[in-house]
């Protein structure tokens, strides 16, 4: 690809004369990912298209022309690949490595949308260098990259980021940093965390931790907004900070927004497959959700957990505790009766019988309850009650006009022997 190392003013003049868009590659000698991009720029198809449709500008961010570009387009991380129109309006900025094929797709997309043959669409100028202050522009959140749908960032595992920073040329200039650099000012670390969030590769969590580790006071507006933006789990100091200072977050962000975030995170934790929250964690999560009965909900959670893990002895133990402490639960009673029925010892069978008889008092048309009770009577060698109970199950099936093979088979077994 043919690059021009020219000033922004000169690049804009050429773009107007040649009626082209401008592509800017910002780099530095210490930036290893920038060197990798130089390899991608040698792609013949990419070079041919960009040489034809763009004014290609290469900016050494350690050089004398760097400040104008840096201030105009808020360049913080390297490499930064920027597309602008002939009036200096930024269209797209990419702050990470891309492959030649991806950059070609993005270039075609930008040229088709904003180039000389693009349909005329009224739009407000953005990031015009004419309006850029002579002083250093404050760091802002990185601009979201507008890419064609088929473009996917190619991550190169062989590239390692440099841990050094360039010398400062002027006292009021910001230093540019490669992603992952050490000894980075907190403001830039915060900026990097937001950028990594856009990458959606999980690296934003570590970046957020690094930034917050530099902050002695979290209860500032900037840090509270940052913490809220990066909430992802109830098992983090940031979530604990939110809960501890909930009233302050509500004052800053609004009650509905804060409550919604807490609800989403607690539900995600409670529904997590592995590792499941402990019983104590479950009760804590229900409590901070604002549930009216966190202890009861945690007890239900405990029972579901034991049942899923086939810890049936514990399920039976805590099932009876639940029935003593909280409201009647027919589903729980039935599960307990079936588990006790499988034990075959008389004590367990009698408990199963008592549960089923209790269920039938309030559910006189449930054939499954009568079937289970008949099975329990049969195991207790109470043949008379077993027969009368299975006959009742048969009557219910007939009234409902349904067939239950288990009911039929037990009826045959009990009446033909």
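Values quoted throughout were computed directly from the atomic coordinates according to the rules given, and no laboratory measurement underlies them. Everything numeric here is computed off the predicted structure, so don't read it as measured data. Virtual Cβ from ideal backbone geometry, glycine too; neighbours counted across all protein chains shown.
Numbers for the structure displayed
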{"quantity": "Ordering of 184-194, 244-254 by burial proxy (mean other Cβ atoms within 10 Å per residue, highest first)", "calculated": "184-194, 244-254"}
{"quantity": "Rg and Dmax [Cα atoms of the range 348-417; Å; Rg one decimal, Dmax integer]", "calculated": "11.3, 34"}
{"quantity": "Sorted peptide list for 83-92, 296-305, criterion being average Cβ within 10 angstrom, highest first", "calculated": "83-92, 296-305"}
{"quantity": "Cα centroid separation - the range 1-37 against the range 250-312, whole Å", "calculated": "53"}
{"quantity": "Full-extension gain in nm, residue 9 to residue 343, via 0.36 nm per residue minus C-alpha separation", "calculated": "111.5 nm"}
{"quantity": "Diffusion coefficient, µm² s⁻¹, Stokes-Einstein with Kirkwood Rh over alpha-carbon pairs of the range 42-105 at 10 °C and 1.306 mPa s", "calculated": "123"}
{"quantity": "Using a Förster distance of 22 Å, the FRET efficiency for residue 2-residue 87 (Cβ separation, nearest 0.05)", "calculated": "0.45"}
{"quantity": "Simple label model, 7 Å out from Cα along Cβ direction - residue 246 to residue 365, nm", "calculated": "4.4"}
{"quantity": "The range 282-417: mean projected area of Cα convex hull, nm²", "calculated": "9.6"}
{"quantity": "Using a Förster distance of 25 Å, the FRET efficiency for residue 108-residue 206 (Cβ separation, nearest 0.05)", "calculated": "0.10"}
{"quantity": "Order of 98, 387 - criterion: other Cβ atoms within 10 Å of each residue's Cβ, fewest first", "calculated": "387, 98"}
{"quantity": "Theoretical gain in end-to-end length, residue 295 to residue 405 [0.36 nm per residue, Cα-Cα removed]", "calculated": "35.5 nm"}
{"quantity": "Net length gained if the chain between residue 412 and residue 326 were fully extended (0.36 nm per residue, minus Cα distance)", "calculated": "27.0 nm"}
